[in-house]
Structures are given as C-alpha cells and as structure tokens.
Amino acid sequence: MTSRRDFLKTATAVGAAALATPALSRAETLARRAAPNEPAAMDPATKELLLEALDAAKLGGAEFADARIGRYRNNFVITREQQIVNVVDTDSLGVGVRVLVSGTWGFGASRDLTKAGVVAATKEALAIARANALPAADRVRLAPATPTPDGRYVTPHTIDPFTVPIEQKADLLIRANAEAMKVAGVKFVNSNMFFVKEEKNYANTDGTFTTQTVIRSWLPFAATAVAPDFSDFQTRTNVIQPMARGYEYLVAARPVEHARQWGEEAAAKLKAKAVEVGRYDLVLHPSHLWLTIHESIAHPTELDRAMGYEANYAGTSFLAPPREKLGTFRYGPAIMNIQGDRSQEGGCSTIGWDDDGVKPDEFLIIKNGIVNDYQTTREQAPMLDWWYTKQKRPVRSHGCSHSDSWNDVQFQRMPNVSLLPGEKDLGWDDLIAATDRGIAIVGDGSFSIDQQRYNAQFGGQLFYEIKGGRIVGQLKDVAYQMRTPDFWNSMDMIGGRKSYEMGASFFDGKGQPGQVNAVSHGCVPSRFRNVNVINTGRKA
Amino acid sequence: MSAPRSLFGSSSPISSGDMMSRSEAQAFLERIVKLSRADTIAANLNGGYTGNIRFAANRITTAGGVSNSQLVVQSGYGPKHAVVTTSDFSPAGVERAVRQSEAIAKLAPDDPENMPLLPPQQYGDVNAWFDATATLDPVERAAAARTAIDAAKAAGDLAAAGFIIAGTNYNAIASNTGMYAYFPSTNANYQLTVRTNDGTGSGWAGADHPDWRQIDFKAVSDRAIQKARASRNPVAIEPGRYTVILEPQAVGDLVQLLAFALDARSADEGRSAFSKQGGGTKIGEKIVDSKVTLFSDPGDAQLLGQPWTPEGLPLGREVWIENGVLKQLQYSRFWAQKKNARPNGGLGSVKMVGGDATTEQMIASTPRGILVTRLWYLREVDPRTVLYTGLTRDGTFLIENGRITRSVKNLRFNESPLFMLNNLEMVGRSERVAGTESGGNVVFPTLKVRDFNFTSLSDAV
C-alpha cells in the first residue's frame, strides 16, 4: 500500500527529453559540487563502531549479526500561492543492530553512537532474541551471499539538493505558483520541494562492509480551481514524479514553464463532462499506470505477503501458495514481462547493496505473462529452493531487504518493479488511434486495493473520452474497478521502448511498526479492454 | 559519513530508554533557548523507548527495542522562520541545530501568516503514564504474543499473525516567550489476525490502552479466533445498498477521516464539503443525524491525549458536531485571527458519544443486513463530499431475519462518513479502538446504518 502519511502524492510525465539537458541557471551552476558522485571509503570511526557491535553480538552467542549506522536527512520547502509556509531540515543519526541467535532474530537501536551505546543496543537485541527463542522447526535459515569487503555507492546526481540555497528553491516554487495562478478560476496552489539524503553504513559477520549515499528529489504541486458559486472545486496534482536524482532533476522538469498548463488542466476539470458508468477500453498513461502496477503486481509478488508474514497489516496475496503459482499462473498476456531490479538509474529503490549486504540482481517476476519469481531477502530465498533448483538457478536473495531508518529492522521491501516495453514501436497516440470507444487516463489519483490484491479501484488526474480513435473531450468523476488477474489479462496493446517512463512513490507503507519505502515503477502506455468504470460524483 | 565528530565520544550521555523527566527536559530546553540569537525560538523535545514483537504463521518473526529522541528547533526573524531537527544532543550538536535554523530562517522568504509565539499557558492535567507499561521487558512481550500463537497452534487449523508494541514517550516544548509544557505517556497496542489454514476465513481483533494491564490478550485472541472460524467459506452477495452494523473499529476507520475535512480555512475558501454554495460555511447547520455528537477532549478517561498542540495551545473539550449540528470547524491560530474566531486545535483525539443499544439488539432488529468488523485501505475519492472508498476485511457477515446466518465475501464501498451518519438507526456503546489507518486516540460506538453503499465484491479473504 502507499502510506496515508504521504505528504501529497505526485506523478506524471516529465519527458525524457527534458531530463537530458538540464537548463541550469548561473546560480544553480555555482551550486554544483565537484565530483559529488565519487564514492568515499567508509569513515574509520563508523567502521570501528560497527565492528564493536558485531564483536558484542558474536560474544553474546549470535550465529549471524549485522549493524547499520545511518544518517537520514530530509529537506522541505513548503509554499502556497505567493508565500512560504515553512522550511524544514531534519537529521537523524543512530545505530541499529540485528542478531540471529539460535535461528531467532532480535533487534536493538539507539542514537547513542558511543562504544557503550552500540554495545547496549547489541545487548538489547541479544536479550530479545533469547526471550523469543523459536522451536527448531521454525528457525531462520539465511541464503548464502558473497561478502563485499568494501562496497561503495552514490546515487548518480549532478547537484546535491542539500547544497542548494533555500531562497533559490523557494524562488522556483513561488514562480511556478504564480504561473498557475494566472489561469482564470485557479484560486489556490500548494507546492513544495522534498529532498532525501541517506548515508548508510552496513557491516555483517560474513565480512561485508558497505557505505552508500542515496539522494532523492520530489516536487509535489497542486493547483485548485474553484467555481465562482462555490458549487464545485477541482485539483490538478501529481505532476512531477519523485526520482533518485539530484536538484538538477527538478530544474529540468521546468515547473515554471509547465505550471500554467497544470492550472489550465485544473480549471478545465470544472467544465468536464461527468462520465457515464459502464464498460470502456482504457488507455493508461505511464504517469497513471505505475501506481496500478505498484498495487496490483508489485505488492502481491512480495514473498513475505505470499507466505502470510504480513497477514496482520498489509495483508497476504492472492498469488499464494508459491508452489501452486510459480511457472503456471497466467497473470496476463504473453506481451507482459515484469522486471524487478534495484539498478535502473533514477529508480527510487535503486541501490548498490541491500540491508542484508546483498548486491541486488535483475529478475523477471512475470515472464511472458506467467509468474516466474517473487521478491526475496536472504531469509526468504530458501523458501523457494525447490523452484530455483528446478530452474537450475542458485538459491540466492534478489536483494530486497530494506529498512527505512537506523531505528527500524530491515525486512522485505519492493525493488523497482516495472512493465517492460513491447517489441512494436508504439506510443500513447498509437494506442488512442487504435481505440474505438474508451477513456484515456493521465496521472494517478485515488487508489485502494484489498488485502490480497484482488479488487482495486483507481481514479486519476485527467480523463479523456476516446471515440473513433480520437480524443473528443474531457471527463470527470471517473474511477475504474478491477479484479487483478482479469484486468491484466485484458491488456492487449503496450507501448515500445521510446514510450517508457518511470513513476514513483516516496511512501510505500508496510510492516509493523510501519515503515515507508521509496520505489519506482517503469512502464509504457498500455490498453485494457472492457473495464468497469464508475462515476464518483455525489451531491453533498 | 558526514556525521559530526562530536558524536563519537567514549562515554554514553544518553539515559537508558532515552526518556527525560520533566525537570531534565526543562533544563535541556532552557539551554537551547539561551543559545538562540534569533528574534524568536521555539524548541520541541520528544522521544522514549518502544519495544515490539511481531509474529506470523504461528511463529515470532521480528522483534526489537528502540531508544530515540529528537530535538526540533524553530528560529524566527520577524516573519521569517525555519525548522531544524536533530538526534545529536551533544553540546556541539544542539548548537549546530540552533545555528542552522537561524541561518535558514534568515534566508527564507517572509511568511505573511507567521504568528507570534504564545506566552506561558495553563494546561490541563492528564495522566497517561502507567508504570506497568514503562517497565515491560522482552520476556513479558513474548509471553503475551504466545497467548495467540499457542491457541492457534493448539487448534491445529489456524494461523495467527499479530503485533504488540508498547513503550514510553515524552514530549516537551519551550520558547523564549516563557512557554513550557511537558507530557509523558505510555502506550500499548495489540492487533491480531487469525486465518484458517484452508485460506477461506480471517478474523481480526485488537486492543489499545496506555496501561498494559488493560490489554486482555486472551480476550483479543478468543475474539479473532471466533471471527476466523465464523468467516470461513464466505458466499457472494450482490453489491448494492445494505443496512450495516459497523463495529467500533469499522466506525472509527471511516468517521475518523472527517478530521481531515473539518478545516475552517478550506471551507471558507470554497474547497470543502463544509463550504456552502454561494459562500460561507455550514457551521450551525444540521449536517448529520441528531444522534451524532463528536468531540475531542484529552482529559476524557477513554482518550487520555496530550493536552496541548505542538505550538503550545491548550487543548480542552471541543465539540465539533452536537446532536447532528456542525458546531465549529478547526481553526489554526492564523485563520482564527483572520476570521475573528477562537483557535481550537484539531481532532487528534476524537470520540463519538455512545448510546445504549447492544449489538445483539441491532442484529435482532435487522431483517437483512451486513455486520462489518473493520474497514481497509480507505482513500478519499472526492473531497467535495468526503467520499471515501475502501473494503471490508477480517469478519463480514450476513444478517437475515434478525440472525447472523453466514459469512459473506468482502465488499468495496464508496461512501462518505457524512452520508453514513445521516442514515443512522441505532448507536451502541463507545469503545477505544486499536487499528485505524491514521492511528491516535479514537473512541467510537457500534452503529447501525441503512443504505450503506457497496459497489463491488472482492475475492480477498
């Protein structure tokens, strides 16, 4: 699921062309730092503390342990209309130690980064593992992983957002807001910038040491148009996708140049025709489809859900048990290939090594429409050993272990899960031209799905009526309801490589205590046949 | 790593569990306030210790103990302000946070809605601290988890998945205007899902209280097991409008969401369900059934919330809806000043006044309806009507001729809490609920409601 505590959701196409040549102002050029992508070696004092934790864990009887020291920073610039609302910098630093004692996990965390503090957190983890001692049959077994003695990774970026002066960020937002406010009917604009910088250091008793810096950038923007008689209001939002890139990404998205269009789209929604309920062919833009993929493919193929580990919160999966689904379950048509990876540049889940110390690989979750794999960690890969053996593949983790902070225990989280392009060189316009009666949807809106990922309902940002291969007008109050396998099996056309785009969420929620994960989903425009569309408009 | 050197000292300055007493927090915050070179400074300090244990498929999966605190500093120069937070409480660390907030504030554009910091305030006294929760150890948490695991294992055909979290928390604020507030609290929360091994049944139950001794682990386990067994082999029914009996958890899931819609400013601006066509708001109008009274009150024995806002504004009893009439909307300090209204905090803790109908009476009086245990994945569909979608989950049952006859498949709804509270037939006893998606202190009764709008069926169990 995507978390309720999300700030403002965001999406939509920032064209790939716009990203290629960031148009930097002089001030922004000055803000560049020399070679920010040169990964440095792990800081010796940090390494010493990590070793302190591992030694204490071994001394306390752990057969495996890992320790993470991380610094997690956020920067927010929040505006509305022509004013600043707030500027916020957060900074959290601490250690999390995970131990495995007689096959039972324990975890302790503290912001006390002294030797005594790190040892205390380790002792807490050991005490918890002993209190929870599992019967022999239930004990955790870890898949082997090749140790990485000196792993270094930095998110590819040009400008570290944490080096850009605040007034420069505010200026970009205020100018974008002003452009949207020029549109008749647009009364309100909320926009902000949200940056993440995570400096993560990891060590485990297998001999892996990694130091990684992750940077993510996002510009949530919402323009609201209000009818003069207060009878209606409409918002256009989710216009720029979050990405694992630097400040240059938001500049290249050209919010000032696009804001008037976003405002016009909000105002046009006031005049759009209410949709007639019924069945339609849907042509879904990548700025919309990424979220449908997230909810109806990426979540049900998490192995912990399929094994019942999330039953009490996020839920289980209709794609279970794995023994009855792998290699046999038809998720969609043969043109459907779904890849898991943590390597796509700009992907919010992209990383060098996961929080088990594993280098993630690229793997096909759905191959030619058939279920081929699940998302795994070192603890989970052995649960599918029968399948990997049959496939003559090694029993190894796909590198999907993640914790959202030093103070939460790592567990299975989503890699980037993407719909791969089709072989034909088709794009958005080709799909519309091929559709006789349908609705084209741009941008993500309301979303909800059940705990096994069968029944979902999705809204959107912009809805266009298609008749005879042409867009004939704008619609509002559109949502579609679907049953996951039926929906994906109704997909009959997909775009080619040139139409591939990524959408993302900063706030994928899962686990107890709840953790958030940032993740991207690449996809191409796709057409779905005969989908049930409802009208969500009511009278107050 | 770019971490400050000052952190890597040799001795540990952090107290066990990362709690600070009232006097410790006050001394610490006074030191922060004195460091300030800005026109204004407001500092917040919060933290504590939480222990948790998680289990699934009848085995303990993960468990942890976390100590953490953070300092939040807001510096201001006239209408300019900025916030910096840090977990580094060393002298150098806190000085850096103060200086950084000053530096950013100076660069920040003016905030024309900036409000002056509050002078010292009087706060109500709420006791939400219970030693039984504060002194828990991992062995006690494991024993509590095993009440459900052992029962499910013994049954042979059930799988238990649950989560227990309990701990201590403190929250303190101070400013250069002399304001100081401190609130210590404990909390214990238990949520349990029991599924039948044939995959056709699922039952949920939960409990939440600041006092660990008030959590009846056996009762929660019994209720989830009963619901799991009773919900096996659900049948499909036609989606449509049904009379529903919503248990307190399900009512809380949906009605708590009104908190996001009751903002006065949005209503005045014409972008809220509480904006009136032609201008103005619906304050003073009857908006729901006269059996509905909704209020916030940190001192209420079932709520026990923090009696002040993050800005230090005292929170008392605030009635939002009384006998169906919208009494007030939420006013921020800025908007209250602009509209000549009283700032009134928010709906952080919320309670609906209960009635005396029993669930048995509600069922007995229903010729055909559906009993709902809880709701799931609620998302706003249309802010103009506070219309939400979501699904039933973990215990949905058909009522025929005054009796529960069978379990039914889960259903998706598209419904507004405002519409629902207009179709109210009976009100039961109010209970503190444990599992709303937004969390917080939430107390709601069982409700019987007609014409609840289910729009599709789900195969999910």
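The values are calculated or read from the model by the stated rules, or taken from the named source; none is laboratory data. Quick caveat: nothing in here was measured; it's all calculated off a predicted structure. Counting neighbours? That spans all protein chains shown, and the Cβs are built from the backbone with ideal geometry, glycine included.
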* **Residues of the stretch A:300-338 satisfying the condition of being buried (at least 19 other Cβ atoms within 10 Å of the Cβ), more than 11 Å from chain B (Cβ to nearest Cβ) and touching a strand residue (DSSP E or B) at 6+ places or on another chain (Cβ under 9 Å)** => A:301, A:302, A:303, A:319, A:322, A:325, A:326, A:331, A:332, A:336, A:337, A:338
* To do: Select from the stretch B:374-407 the residues that are among the hydroxyl-bearing types (Ser, Thr, Tyr), farther than 20 Å from residue B:436 by Cα and part of a strand (DSSP E or B) and list them in ascending order.
  => B:405, B:407
* Asked: If you scan the stretch B:274-304, which residues turn out to be under 20 Å from the mean Cα position of the chain (by Cα), farther than 30 Å from residue B:425 by Cβ and of a type in the set (Gly, Ala, Ser)?
  -> B:299
* Tally the residues that are away from every other protein chain (no Cβ under 14 Å) and either surrounded by fewer than 21 Cβ atoms within 10 Å (Cβ to Cβ) or closer than 21 Å to residue B:201 by Cα (or both), restricting the search to the stretch B:444-461. => 1
* Extreme residue, nearest to residue B:90 (Cα to Cα), among residues of the stretch B:23-50 that are among the aliphatic types (A, V, I, L, M), in a helix (DSSP H, G or I) and in contact (Cβ under 8 Å) with a residue 40 or more places away in the chain -> B:32
* To do: Look at residue B:357 and say whether it is of a type in the set (Gly, Ala, Ser) and out of contact with any helix residue (DSSP H, G or I) (no Cβ under 8 Å at 6 or more places or on another chain).
  => yes
* For the stretch A:68-88, how many residues are crowded, with 22+ Cβ neighbours inside 10 Å and either closer than 18 Å to residue B:79 by Cβ or facing another protein chain (nearest Cβ under 9 Å) (or both)? -> 7
* How many residues are surrounded by fewer than 24 Cβ atoms within 10 Å (Cβ to Cβ) and either farther than 16 Å from residue B:242 by Cα or facing another protein chain (nearest Cβ under 7 Å) (or both) if we restrict to the stretch B:391-400? -> 0
* To do: With respect to residue B:264, determine if the residue is of a type outside the set (Asp, Glu), under 29 Å from residue B:447 (Cβ atoms) and in contact (Cβ under 8 Å) with a residue 12 or more places away in the chain.
  => yes
* With the condition kept exactly as written, say whether any residue in the stretch A:92-103 is small (Gly, Ala, Ser) and either surrounded by fewer than 19 Cβ atoms within 10 Å (Cβ to Cβ) or free of Cβ contacts under 8 Å to residues at least 60 places away in the same chain (or both). => yes
* **Listing of strands (runs of 3 or more DSSP E) fully contained in the stretch A:474-538 that carry 2 or more residues being touching a His at 6+ places or on another chain (Cβ under 8 Å)** => A:501-510, A:515-523
* Asked: Does at least one position in the stretch B:164-172 carry a residue that is modelled with pLDDT of 95 or more, more than 20 Å from residue A:131 (Cα to Cα), away from chain A (no Cβ under 14 Å) and part of a loop (DSSP other than H, G, I, E, B)?
  -> no
* **Residue in the stretch B:113-127 that is more than 10 Å from every other protein chain (Cβ to nearest Cβ) and not in a loop (DSSP other than H, G, I, E, B) present** => no
* Quick one: which residue in A:383, A:336 is of a type outside the set (Asp, Glu) and under 14 Å from residue A:412 (Cα atoms)? => A:383
* residue A:538 being of a type in the set (Lys, Arg), more than 22 Å from the chain's Cα centre (by Cα) and within 14 Å of another protein chain (Cβ to nearest Cβ) -> yes
* Sort out which residues of the stretch B:54-68 are at the interface with chain A (Cβ under 7 Å from one of its Cβ atoms) and touching a residue at least 12 places away in the same chain (Cβ under 8 Å), and write them in order of number. => B:54, B:56, B:57, B:59, B:60, B:63, B:64, B:65, B:66, B:67, B:68
* State whether the residues of the stretch A:90-112 include one that is more than 9 Å from every other protein chain (Cβ to nearest Cβ) and at pLDDT below 95. => no
